[in-house]
Amino acid sequence: MRERKSIRLIFGLPFLMVALLWVFSLSESMELLEWKTVDYRFRLQSQLTSHPQVDHLLLIPIDDATTDVLGRWPFPRRYHAKMMEELTAYTPSVVAWDILFVDPDQNLENDKLLSQSIRGLKSFVSGSVTAYRTAEQSQGLTKPFKNVIGDRQGLMNFEQAQIPIPGLTEGGYFGFVNCDPMSDGVRRFLPMIVSWKGEIYPSFTIQVVLRDRQINPDEVTVILGKEIVIPASATGPEIRIPINDEGKLLLNERWKFNEWELIPYHELTKLMEEKKNHPERPVAALDLLRNSICLVGLGATGLGDFGATPLDAFTPLMNMHLNGINNILKSDFARPIDRWIQYLFFYFAYLFLTFVMVRLPFYSSMGISFLFFPVHLLLSVFLIIYGSKIILIAGPIVGIALTMFIVMNYRYLKEEREKRRIKRSLGAYLSPKIMQEVLSHPEGVQLGGSKKEITVLFCDLRGFTHYCEKRPPEQVLKLLNEYLQLMTDVIMKHEGTLDKYIGDAIMAFWGAPQEQADHAEKAVAAAIEMRYALAQLRSKQEEEGEELFECGIGIHTGDAVVGNTGSIRQINYTAIGATVNMAARLEAMTKTIGVRILISESTKNRISDEFMITPHGEVTLQGFSESIKIFSVSPVRYQWSKYQEPVPRNYE
């Protein structure tokens, strides 16, 4: 029954932990805690690994130094127009502005200049956003995706949007810059597509990639909840971008804003002006512009386009587009491992943990169990660094802790039941002190035994059979129980193990189950005190006019097999072997020699001079081929040293 319970626990508890893990995944608070662990792994990945950036991605930030030089933001649009006119000489692949030009300038001439400036560029992309707008406007060159497969219910469908001014839509493209934070304020997902007026349009990041790869949206396949497939072209291989049901990419954020290849906006305008005035002078920084994706955006503090990402609590949000473009062009995606694969993995992990805790010794199992925490953390870090794979941490660690708590309580209750079983099986024949030692190591009380040196004592009444014949059973049993109780108390007092009652005879031994260096001396001392207890009983009988009876005690020290014998349902802790038989023969010989306590030479050699020993020569006992020396023990000297009260007159 106990084995079946253990098996059910080993296989059933992991199912419970996996079910709880699934329930945890439905909790928003637990989900956010899980994302916090993902953020930490991204930070470790950023610090511990070096991953190449796209070699033609250039950041042109409008930073604090730029606003110091050029003045307060927003700059007049003629500044931007002049910069882009001069950029045409360096043939960048794409000039992308993570800035909204959605409202007309107060000076319409500035809008005209800006619209004209993009005509010489290979590709121009600016930002748009889903927001309320009453006026309808042409979307120009920007087209929706036509090859869209899957259920669109997970997408947010917007009917209105703010798109760039007409001059920019007619000569360039736009992409949506929408990127909402999660409930904890951190942005981890970057939208790849947006549903606008029932059509699926590219985000700002995807639009930049399409312009760089010179891909028509009609060639792209969008499989909602799975991936966006950008076909191979003359400029690069096929790319498969993983997206969730909301059309978002989990950013594999590797780089902070100031870690990109960059030329500040004001520095770029200065370098291009110097090059224009002195064309013969080489300017290495300007060579970075050639065939590059030039991403212009806000990086100055106080301009509002800041937020929290996994790598930084306060950073320009343009950094998300930079990491997104880098992820896509490098096919460097962070992918959560499929939940069902994780659940299967964690089931077997919990199965192993439960098996270890149930089957191994306590300290070994606890040591291995506590290793699960660092091992799982190291595994999660290894997966994200070497495979950009994300595995659950928070929920599984809670599961590990719960598993350990449940199994520890199971083991505690099991050990308490085992102790009660041991008390029932051993309490009748072990002293309280030895019982406490045995309960400290209950695993030792199993079927089987071991060879030990022990001292065995046999005690048998004289004339008790004749006594029984003359009296009713009730009186006989009353006296026998009183006698056995007295003898048993003495044996327990001297830390002996009561083996059994054989009618009116008693068998006890010392030296097991716990080691006792002075087991022979304890046995002889117990024999003397048993004689003392019997003398008290005899004095009581004499006062009541009852018939008196005597006992003989035989003691021998030697090797014996000691342990539990019997069946699983009923066990008996006993000693067997020649040593036991020798003690029984010595007890029988006390009647022949006419002494009360008879010990063997091996016992005599192991006791102190406190006892008065009388030799009785050598004898050959029944069942033994070799003769042994025997000795009687006189209790007088020992008795007076141990007791303050007078020796009963019926001591001998």
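Some observations on this one:
- In region 109-157, residue nearest to G247 (Cα to Cα) [restricted to those that are surrounded by 15 or more Cβ atoms within 10 Å (Cβ to Cβ) and among the β-branched types (V, I, T)]: V148
- In summary, strands (runs of 3 or more DSSP E) completely within region 88-149 and bearing 2 or more residues that are on the phi < 0 side of the Ramachandran plot and in contact with a Cys (Cβ under 8 Å, 6 or more places away or on another chain) occur at 94-100.
Here's the yes/no breakdown for (1) within 53 Å of the chain's Cα centre (by Cα); (2) farther than 22 Å from I599 by Cβ:
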| site | (1), (2) |
| --- | --- |
| A512 | yes, no |
| A520 | yes, no |
| R531 | no, no |
| R538 | no, yes |
| E543 | no, yes |
| E547 | no, yes |
| H556 | no, no |
| T565 | yes, yes |
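- Residue list for region 163-214, restricted to those being within 15 Å of E246 (Cα to Cα), among the aliphatic types (A, V, I, L, M) and in a strand (DSSP E or B): L190, I193, V194, I200
- When region 352-375 is filtered for residues that are assigned to a helix (DSSP H, G or I), of a type outside the set (F, W, Y) and surrounded by fewer than 19 Cβ atoms within 10 Å (Cβ to Cβ), the ones remaining, listed by number, are V358, R359, S364, M366, G367, I368, L371, P374, V375.
- From V69, V129, V125, residue being among the hydrophobic types (A, V, I, L, M, F, W, C), at pLDDT 90 or above and under 22 Å from I230 (Cα atoms): V125
- P310 being surrounded by fewer than 14 Cβ atoms within 10 Å (Cβ to Cβ) and within 30 Å of V18 (Cβ to Cβ): no
- A81 meets the conditions (1) outside any helix (DSSP H, G or I); (2) farther than 23 Å from N319 by Cα in every case but one. The failed one is (1).
- Leading residue by the ranking (farthest from the chain's Cα centre (by Cα)) among those in region 52-82 that are under 30 Å from L379 (Cα atoms) and surrounded by 15 or more Cβ atoms within 10 Å (Cβ to Cβ): V54
- Check on Q160, over 20 Å from I243 (Cβ atoms), surrounded by fewer than 17 Cβ atoms within 10 Å (Cβ to Cβ), of a type in the set (S, T, N, Q) and over 44 Å from the mean Cα position of the chain (by Cα): yes
- Candidates L59, L21 - the one that is part of a helix (DSSP H, G or I), in contact (Cβ under 8 Å) with a residue 24 or more places away in the chain and not acidic (D, E): L21
- Looking across region 471-494, not a single residue is closer than 13 Å to A523 by Cα and either outside the structural domain of F549 (by TED's automatic domain parsing) or modelled with pLDDT under 85 (or both).
- Of all residues in region 290-335, those being touching a residue at least 24 places away in the same chain (Cβ under 8 Å) and in a strand (DSSP E or B) number 13.
- Extreme residue, nearest to R359 (Cα to Cα), among residues of region 6-30 that are of a type in the set (V, I, T) and buried (at least 17 other Cβ atoms within 10 Å of the Cβ): I10
The values are calculated or read from the model by the stated rules, or taken from the named source; none is laboratory data. Everything quoted here is computed from the prediction, not taken from an experiment. Glycine also receives a Cβ, built like all others from the backbone with ideal geometry; neighbour counts cover every protein chain displayed.
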